[in-house]
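Engineer: What follows is a structure written as structure tokens; I'll ask about it next.
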Amino acid sequence: MATVTLKPTKVPELIFEGYSITPDAFAGKTAAQIAALPGHEGKFVLKLGEFFTVSGNGGETAADTDIVIDGDCSRVKYIGSKMTAGSVTVNGNADMYVGGWMKGGKIHIKGNVDSFCGIQMEGGELLVDGDAKNHVGCAYRGDWRGMKGGTIRIKGSAGNDIGTAMLGGTIIIEKDVFIHVSTHAEGGTVIIKGDVEGRVGGQMVKGDMYVLGKIKFMLPGYKKIGTVEKEVDGAKYTFDHYIGDLGERHGKSKGQYVYANLYLKAAA
Amino acid sequence: MPKLIKGVGCPYCGSSCDDIEVLVSDDETKVLEVHNACIIGTNLFHHANDPTRPRLPRKRQPDGSMKEIPYEDAIDYMAKTMLAAKKPLIYGFGSTNCEGMSAIGRIAEKSGAVLDNCATICHGPSFLAIFDNGYPSCTLGEAKNRADVVVFWGCNPMHAHPRHTSRYSIFPRGYFTQKGQMQRTVLCIDPRETDTAKLADHHLMLDQGHDYELFNAFRTVLRGHDIPDVVAGIPKETIKKSAEIMKNAKFCMIFFGMGCTHTDGRNHNIDHAISLTRDLNDHTKCSIMAMRGHYNIAGPGQVWAWQFGFPYCIDLSKGTHAHMNPGETSSVDLAMRDEVDCFVNIGADAGAHFPIQPVQHLKKHPFIVIDPNFNMASEISDLHIPVRIAGVDEPGVVYRMDNVPIQFKAVLKGLPGVPSDEELFDRVYERMCELTNTKPIWLAAKEDRRYPESEAVS
Amino acid sequence: MAKIHLNMITQRSIEEGAAMEQGKTNPNYFIACSICEMNPEDMRKAGIWKNTNVRVTSECGTVIVKAIEPTQYCPPGLAHIRQGVWANQVVPPRTQSTGTPQYSGFPVTIEPAPNERIKTALELVQGAVGLWQGGKI
Amino acid sequence: MSSGELIVKGGFVIDPTRKINGDVGDIAIKDGKIVEKVSSSAKVIDAKGKVVMAGGVDVHSHVAGPKVNAGRLMRPEDKLRAGVCRSGMAQKNGFRMESGFSIPSVFRTGYEYARMGYSFVMEAAMPPLLAPHTHEEIHDTPIIDEAALPVFANNWFVMEYLRQGEVENTAAYIAWLLKVTKGYGVKLVNPGGTAAWAWGLNCLSINDPVPYFELTPADIIKGLIQANEYLGLPHSIHIHQNNLGNPGNYPETLASLKLAEGVKAKNKFGRETVMHSTHLQFHSYGGEGWKDFCSKSREIMDYINKQKNITFDLGCVTLDETTTMTADGPFEHHLHGLNHLKWTNVDVELETAAGVVPYIYDKDVLPNAIQWATGLELALFAKDMDRAFITTDHPNAGPFTRYPRVIKWLMSKKAREATLATMKNTDRVINATYIHGIDRELSLYDIAQMTRSGPAKCLGLARTYGGLAPGMNGDVSVFDLNYKDMPKDAEKIEAAFQRAACFIKDGEIVVKDGEVVSHGHKKTVWVKVKMPENPQVTRDVSQAFHRGTYTVDISNYPVREYLAPHQSIIDVNVEA
């Protein structure tokens, strides 16, 4: 295992597109070569070295490469996007597209992330200690193939559009969410430990949602069918079990309609 | 002798009425009378007579005042500023013809800019919804000739599109709707009892911001399921009755507006409306249409889609491919996040119509305004370049709200020396090419290029 | 002093459109857009007399406009400032990552401000970017 | 047009218009036209060891106009596919940016056709009301010459006239509409069915009555064939038949093809056929449903091979993720019900409709694999290759950029078998199709007929396009293929046709070593009919506008001259 440490030296005037900051790009390269990797600031192509000091060489493969960014990346996009293995740790905030399209490996952001984290993620782990803005684990515009696999865990709260058009994988938001959870989803699991304003599971075809807090406005397309006990993220709770979205189309399995499930923690 | 010009297109709202008659002075420099247009269109044509209309570019001086400069200097400044910027933002096109929208494409590519239009603060969420769910729509003539149920959802044409209801949607007698309003059932869904709601047979005064739930309720009852007694403030029975009206229509037409795009959930409100439209097509024929605000705001969506594949929020900074993701590459987000370092505002007024904070952010960098008139943006700009008014003294193609291209005429001669948007952009582009020692790319030989003309040659 | 919390929407009106096409420095534009429509019941609650000035404050700014009774019926709890320069002093720029600001459906506080002056469009916009030199409209 | 002289030297020339098949020879070009010989100062293009053909002619492709753009607009994810659609084309290199895979931008459309050595493409469906849009896109598309076919088969005027059997009025209306839209010929899409779709209905059979208009699709087809020949247009009628894409539709296809029996072509352009049946693959299915879905290509081709006045194009499925788009509105509604993906629809007042739905042709999905085989079989069963044309009904069955792959499959049994072998349901595909039993491998001569001489003749363009005879357009494509050694390496066939070694358009080198080097001089081709004014048609049209059935002003309907800056007009004279 090799660790490459990036230390931010300069805040980009605009935003730096750090699409090269992945174990895949760093693997097999020396610190100097890594510092020469490209990124965009506006229309100009700049080198990583202009914004970071690089110490340590990359491992032989992505899986052998751990990246640690020692500082704030509030103005660096695409950290760990499209990565397949290895790890990225940011000791601070990160901007948009953290872990976008990632297939494997692990990302740990110790601060907050901006929107579009884990967009169309296929595998791996994305952990955020702080809050996420909007569009967590969602699909790219127009694509009906959203997040397919992997796990996103946001320890703070998140905004709107969690798991839009999700097909698989798991998203866990440990605090509150604003609106639109699993909209258009056809699979996957979303767990929200705090409260949600509303629009949970709209236009949803298939998949599971767990809400441990309250939903202020339930969608009329959800119907309660019973109470169940389920284990969620290592703890057991009693849930009111809803199915929906009854306004949406649904496939059949063995002659029975398959609906999306909403498990809302039952009042104590 | 004054001349009466018929079949004139009105460059105001998305209804793009092209039955206007304008009486102009003998020398074609003054609008004397405007017939058929609404009050807003009438004012617009008369405003072209304003003797104080700017005729030369004005550049801001160190003391804060504006000083007139020659066009060459303005073009040079704009070319140099955009080339030097890391990421310029070009925004506007609420009142520009398609020729101008096409010409700006070259400048945007050349300068690695983000290309955005007024949809970004208006019907942008409708685009997002179309990306996700498609757009089962039709031309306005279909609504006029066939629709027996018309739904206005979060839109108020009596104010925003004053002739829409008389030309297309409520009153006109169409081919299969000979009885006009008598033959149409009108539903209005709005948190206020607007003047459009007053015209409706049924007004569903929902709780503001809960459109998504109400759409969900309609879809749920259409599939035969029960819903709660009250959804979004509307009683179940009213929802069921309204759903039956839509379902039993011969042709149901849904128009939607800013009440859906400006509120919580944005695109998902429309997304859900489109799902409802799809569902209704299992029962009858149903179409949906965005009430686009400006006469040619559908234009940039079309022109840029065929040039770059995206209708708005197009980031061309990579040089070899376009990237679009509203929320990131959208004007207001770019401004608030300080992602751009030059602002070019064309045929729109960001100064008046953006929330004030993004304006303050954009003002940190060079701020160029191209507009026939003085407006809020021009009065805070570093450079204001006047151009001809599309649809008044410059002809060209515009796209009506239903994406029907209409070839607008000019009714006046342009002010001497003032170029059209297209001519100005071509000159800026040529200057950029000179400055970078490259050859301009016209696709066709320069001598074959032609600027718009008013009359059809048969 | 009394104040009231309302849900604000900012939308088009024909008066605004007609005035805008005469020019945004035209007095008609000032008359058409520097107003806030609210239900008379809400006005009473906040101690606002109709056709007097009020201060509207949102999460991101504040503006003085004239309170009027709705020209189109507005239910209690809802307020409306016509789209334009005055509305945009209080419209939150947050976009829910869609590009479109929160033009409608944001919380505001409205309180009487009978002695405050309504600024002109140019004063508001130029003032916001440090260019207002006073005097002209 | 280039005034210089050029000579393409020493290549294997394939020119079916002169029955030249692989003879080594030179092609001389002067002033943009092919000539007998040029002076010794002519620029020499060395084509030794390479194949030389005329510029390609595409008879049917959706490349410009409202529904194509609706597809571009609704599919941002089509642009996301890195590598597939990102190239080095940029302003700094002297080019416009490219974008899109299944629905490329106009710039990419022009560049890709040029890279494949194509000089002409027919936009397959233009809604007349939206014609200015189509022309705006055409003039923004570099290099390739384009024409567009307005749609007629669901047009209220046409249906009104034909209900009463008024062929002359129909013809006069066609002449007027071609002129005001700068259109090329008569397109029919789901005759009557699209008109029915305005009420949410369809006509799945040619004998289903069209709601309100009280005539049948068969009446419309017959009437339009007659009107087309009455006018003597360069192209025959161009038909997308009823009941597209459904299992068991082939009898309906045969029934509509039979409507051309006994009709003789009447024109001055060398066209011998009276009906062009487009994307025939979608109309050649057996079975009662998707479970027993199968190919009926042989049954269809048995008929077409002996019916000499019909041409067709394949509409080959290329097994890609693509975007379907057609004026067959009810079909697209039906399709989105099958795959649940996003659906765009555009009904156009008085004239037509259109739908757009993304679609993934998956080789492991049985019906898709059968469709793939069916398209190829049609070509492999064809006897007269001058009546069988290569298309993918771009982008419906696949993007036009896959023509080289289709050519590969047609020229190499090995390549077909290799694709077949990778399918999940190989045996079931074999059982439901003929492909496995067909050994035929098409020759380069066949391909030149299918992509050059044949379509040019069917479009009435044989004097200028599709061949290398002196006097024709100086459009020459050179492919890096060894004529003597075909089809040894199937992959090389695809690569060679994907990127021409050289492509000369109107006497100017526009592609070199597979990459675009010049923007050329593209033209808009349209047909102008001169005939005496028909007062009834003039009155009917003007009433439709003045009574407000149309919602635009009549003075703003005709496409203005400046929108089609480089016109090549084909005159047709109809005597009084």
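Engineer: Can you tell me how many residues within the stretch D:95-111 are within 22 Å of D:Tyr359 (Cα to Cα), in a helix (DSSP H, G or I) and more than 7 Å from chain B (Cβ to nearest Cβ)?
Structural biologist: Qualifying residue count, the stretch D:95-111: 2.
Engineer: Select, from A:Gly130, A:Gly159, the only residue that is surrounded by fewer than 24 Cβ atoms within 10 Å (Cβ to Cβ), more than 14 Å from chain B (Cβ to nearest Cβ) and over 12 Å from the mean Cα position of the chain (by Cα).
Structural biologist: Only one candidate passes the filter, namely A:Gly130.
Engineer: Next up: Which ones in the stretch D:548-562 are closer than 20 Å to D:Thr524 by Cβ, touching a residue at least 12 places away in the same chain (Cβ under 8 Å) and within 7 Å of chain B (Cβ to nearest Cβ)?
Structural biologist: D:Pro558, D:Arg560
Engineer: When you scan the stretch B:67-85, do you find a residue that is in a helix (DSSP H, G or I), touching a Ser or Thr at 6+ places or on another chain (Cβ under 8 Å) and either closer than 19 Å to B:Val369 by Cβ or basic (Lys, Arg) (or both), even just one?
Structural biologist: Yes, the stretch B:67-85 contains at least one residue that is in a helix (DSSP H, G or I), touching a Ser or Thr at 6+ places or on another chain (Cβ under 8 Å) and either closer than 19 Å to B:Val369 by Cβ or basic (Lys, Arg) (or both).
Engineer: Could you list, ordered by first residue, the pairs with Cβ atoms under 7 Å in which the first is in the stretch D:173-200 and aromatic (Phe, Trp, Tyr) and the second is in a helix (DSSP H, G or I), at least 6 apart or interchain?
Structural biologist: Note: pairs meeting the criteria are D:Tyr173/D:Phe157; D:Tyr173/D:Val158; D:Tyr173/D:Tyr161; D:Tyr173/D:Val537; D:Trp176/D:Val537; D:Trp176/D:Val541; D:Trp197/D:Gly329; D:Trp197/D:Pro330.
Engineer: Moving to a separate point now. For the subset of the stretch C:75-124 comprising residues that are among the small types (Gly, Ala, Ser) and at the interface with another protein chain (Cβ under 7 Å from one of its Cβ atoms), which member is farthest from A:Asp161 (Cα to Cα)?
Structural biologist: Out of the qualifying residues, it is C:Ala121.
Engineer: Pick from A:Val98, A:Val68, A:Val88: which is part of a loop (DSSP other than H, G, I, E, B), more than 11 Å from every other protein chain (Cβ to nearest Cβ) and either in contact with a strand residue (DSSP E or B) (Cβ under 6 Å, 6 or more places away or on another chain) or of a type in the set (Lys, Arg) (or both)?
Structural biologist: None of the other options fit; the residue is A:Val98.
Engineer: Starting from residues that are in a loop (DSSP other than H, G, I, E, B) and among the basic types (Lys, Arg), keep the ones in the stretch B:34-59 and report whichever is nearest to the other protein chains (Cβ to nearest Cβ).
Structural biologist: For the stretch B:34-59, the residue satisfying everything is B:Arg53.
Engineer: Here's a follow-up. Quick check on the stretch D:351-367. Is at least one of its residues in contact with an Asp or Glu (Cβ under 7 Å, 6 or more places away or on another chain), surrounded by fewer than 24 Cβ atoms within 10 Å (Cβ to Cβ), in the same structural domain as D:Ala148 (by TED's automatic domain parsing) and under 24 Å from D:Val68 (Cβ atoms)?
Structural biologist: So far as the stretch D:351-367 goes, yes, one or more of its residues are in contact with an Asp or Glu (Cβ under 7 Å, 6 or more places away or on another chain), surrounded by fewer than 24 Cβ atoms within 10 Å (Cβ to Cβ), in the same structural domain as D:Ala148 (by TED's automatic domain parsing) and under 24 Å from D:Val68 (Cβ atoms).
Engineer: Failed condition for A:Phe239, given (1) within 14 Å of chain B (Cβ to nearest Cβ); (2) in contact with a Leu (Cβ under 7 Å, 6 or more places away or on another chain), with all others met?
Structural biologist: (1)
Engineer: Looking at (1) part of a loop (DSSP other than H, G, I, E, B); (2) in the same structural domain as B:Ser95 (by TED's automatic domain parsing), which is the only condition B:Thr29 fails?
Structural biologist: (2)
Engineer: Please enumerate the residues belonging to the stretch A:186-209 that are within 14 Å of chain B (Cβ to nearest Cβ) and not aliphatic (A, V, I, L, M).
Structural biologist: A:Glu186, A:Glu197, A:Gly198, A:Arg199, A:Gly201, A:Gly202, A:Gln203
Engineer: Report, by residue number, each residue of the stretch C:71-107 that is in contact with a Phe, Trp or Tyr (Cβ under 7 Å, 6 or more places away or on another chain) and among the β-branched types (Val, Ile, Thr).
Structural biologist: Within the stretch C:71-107, just C:Val91 meets the criteria.
Engineer: Within the stretch B:214-244, track down each residue that is of a type in the set (Val, Ile, Thr), part of a helix (DSSP H, G or I) and more than 8 Å from chain A (Cβ to nearest Cβ).
Structural biologist: Across the stretch B:214-244, the qualifying residues are B:Val221, B:Thr238, B:Ile239.
Residues checked against (1) assigned by TED's automatic domain parsing to the domain that holds B:Asp19; (2) within 25 Å of the chain's Cα centre (by Cα); (3) among the small types (Gly, Ala, Ser); (4) modelled with pLDDT of 95 or more:
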| site | (1), (2), (3), (4) |
| --- | --- |
| B:Gly347 | no, yes, yes, yes |
| B:His353 | no, yes, no, yes |
| B:Pro358 | no, yes, no, yes |
| B:Ile370 | no, yes, no, yes |
| B:Val392 | no, yes, no, yes |
| B:Asn403 | no, yes, no, yes |
| B:Thr436 | no, no, no, yes |
| B:Ala444 | no, no, yes, no |
| B:Glu453 | no, yes, no, no |
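Engineer: All but one of (1) more than 14 Å from chain A (Cβ to nearest Cβ); (2) aromatic (Phe, Trp, Tyr); (3) assigned to a helix (DSSP H, G or I) hold for B:Phe176; which doesn't?
Structural biologist: Result: B:Phe176 passes all but (3).
Engineer: Ok, one more. Could you name every one of the helices (runs of 4 or more DSSP H) located completely within the stretch D:142-234 that has at least 2 residues being in contact with a strand residue (DSSP E or B) (Cβ under 7 Å, 6 or more places away or on another chain) and modelled with pLDDT of 95 or more?
Structural biologist: Because the criterion is at least 2 residues that are in contact with a strand residue (DSSP E or B) (Cβ under 7 Å, 6 or more places away or on another chain) and modelled with pLDDT of 95 or more, the helices (runs of 4 or more DSSP H) in the stretch D:142-234 that meet it are D:167-181, D:193-197, D:217-231.
Engineer: I would also like to ask the following. Working only within the stretch B:260-282, note down all residues that are more than 7 Å from every other protein chain (Cβ to nearest Cβ) and in contact with a strand residue (DSSP E or B) (Cβ under 9 Å, 6 or more places away or on another chain).
Structural biologist: B:Cys260, B:Asn269, B:Ile270, B:Ala273, B:Ile274, B:Leu276, B:Thr277, B:Asp279, B:Leu280
Engineer: Do we have B:Leu187 as surrounded by 20 or more Cβ atoms within 10 Å (Cβ to Cβ) and either at pLDDT 95 or above or within 14 Å of chain A (Cβ to nearest Cβ) (or both) here?
Structural biologist: Answer is yes for this residue.
Engineer: Which of the residues belonging to the stretch B:283-328 are within 24 Å of the chain's Cα centre (by Cα), closer than 19 Å to D:Glu77 by Cα, of a type in the set (Val, Ile, Thr) and more than 14 Å from chain C (Cβ to nearest Cβ)?
Structural biologist: Of everything in the stretch B:283-328, just one residue is within 24 Å of the chain's Cα centre (by Cα), closer than 19 Å to D:Glu77 by Cα, of a type in the set (Val, Ile, Thr) and more than 14 Å from chain C (Cβ to nearest Cβ), namely B:Val303.
Engineer: Does B:Asp18 fit the bill of being touching a Pro at 6+ places or on another chain (Cβ under 7 Å), of a type in the set (D, E, K, R) and not assigned by TED's automatic domain parsing to the domain that holds B:Glu379?
Structural biologist: Here the answer is no, as B:Asp18 does not meet what is asked.
Engineer: Among D:Val356, D:Val348, which is the only one that is under 21 Å from the mean Cα position of the chain (by Cα), at the interface with chain B (Cβ under 10 Å from one of its Cβ atoms) and either modelled with pLDDT of 95 or more or under 23 Å from D:Ala456 (Cα atoms) (or both)?
Structural biologist: Only one candidate passes the filter, namely D:Val356.
Engineer: Now, a different point. Please enumerate the residues belonging to the stretch B:93-127 that are at positive phi and either touching a Lys or Arg at 6+ places or on another chain (Cβ under 7 Å) or within 8 Å of another protein chain (Cβ to nearest Cβ) (or both).
Structural biologist: B:Gly112
Engineer: Here is a further query. Taking the stretch A:15-50, which residues are buried (at least 23 other Cβ atoms within 10 Å of the Cβ), assigned to a loop (DSSP other than H, G, I, E, B) and either at pLDDT below 95 or not β-branched (Val, Ile, Thr) (or both)?
Structural biologist: Of everything in the stretch A:15-50, those that are buried (at least 23 other Cβ atoms within 10 Å of the Cβ), assigned to a loop (DSSP other than H, G, I, E, B) and either at pLDDT below 95 or not β-branched (Val, Ile, Thr) (or both) turn out to be A:Gly18, A:Gly42.
Yes/no matrix, rows are residues, columns are (1) within 14 Å of chain A (Cβ to nearest Cβ); (2) of a type in the set (Asp, Glu):
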| residue | (1), (2) |
| --- | --- |
| D:Val51 | no, no |
| D:Ala54 | no, no |
| D:Asp58 | no, yes |
| D:Ala70 | yes, no |
| D:Met74 | yes, no |
| D:Asn93 | no, no |
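The values are calculated or read from the model by the stated rules, or taken from the named source; none is laboratory data. All figures in this text were calculated on a predicted structure; none of them were measured in a lab. Heads up, the Cβs are rebuilt from the backbone with ideal geometry, glycines too, and the neighbour counts pull from every protein chain shown.
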